[in-house]
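Since every read-out is calculated from the coordinates, none of them should be taken as a lab result. No experiment lies behind these values; they were computed from the predicted model shown. Here Cβ is always computed from backbone atoms with ideal geometry, including for glycine, and neighbour counts include all displayed protein chains.
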Amino acid sequence: MEGREFARYWRAALEDPPGREPIYKAVAEKFSVRSALYPGCGMDAVPSLAIPYVVYLDNGPFAPRYFQDRERLLKAISKRKHYDGPCSLEFYEVDYNDPPPDMPQFDLLLSQYAGPVSQAMKRFLKPGGILMVAEGPEDARLAAQSPDLELVGTVCRWPDGVQIDPQLLPPQFVQLEDGFKVPIERNFCFRKI
């Protein structure tokens, strides 16, 4: 991937409204996350800004090219990361339903609009580990119904920061100057029991 193309995708991942960097940072701090698994990551390497070791899985057409430029990606992450020590990341061009057989268990499993990640991948979540699932997809409902997962927080990205509430919060809205209301992005955190 050429430098300009990489820079455009990196900037888009950082600025993607409402921006996930503060969400990943807040969840990593709140739950002491040092490792994460991100199936269906697309071209989103932003979790590596908050988490020292992340394994990314995706078999889509663009992610392999993006993650192939490892040197440029690590350099971009090193400039903005929120932790001491080196950044370690791995990328596998695989469908998350057929992951590498020797995968370890992780502190955090990310499910961000990639389908029923929790059901296919929770075996790679450490006991006591956190599944963070975006509100919109079916996976949030599946996680809420799973007997081996318990809700431990709702993550809301407000215009002035991130709030992690220990309970289920109803949908929240922000009113713009023109009177238009927009929903606040929510993610749900579940602990593996």
Taking the Cα centre of each part, how many Å lie between region 148-193 and region 89-103? 30 Å
Run through all the Cα pairs of region 14-122 and give the fraction in each 5 Å bin from 0, expressed as whole percent. 2, 12, 24, 26, 22, 11, 2, 0
Treating only the Cβ atoms of Lys and Arg (+1) and Asp and Glu (-1) as charged, compute the dipole magnitude of region 26-158 about its Cα centre; round to the nearest 20 debye. 500 debye
Is the shape of region 79-175 rounded, prolate or oblate, going by the alpha carbon gyration tensor and its root eigenvalues a ≥ b ≥ c, with a/c under 1.5 for rounded and a/b larger than b/c for prolate? oblate
Farthest toward positive dipole pole in region 49-181 [+1 Lys/Arg, -1 Asp/Glu at C-beta], among Ala140, Pro127, Gln68: Gln68
Can you work out D for region 145-193 in µm² s⁻¹ from Stokes-Einstein, where Rh is the Kirkwood radius over C-alpha pairs, the temperature is 10 °C and the viscosity is 1.306 mPa s? 132 µm²/s
Relative intensity, log₁₀ I(q)/I(0), of the chain from a Debye sum that treats every alpha carbon as a point, q = 0.10, 0.12, 0.15 Å⁻¹: -0.39, -0.57, -0.90
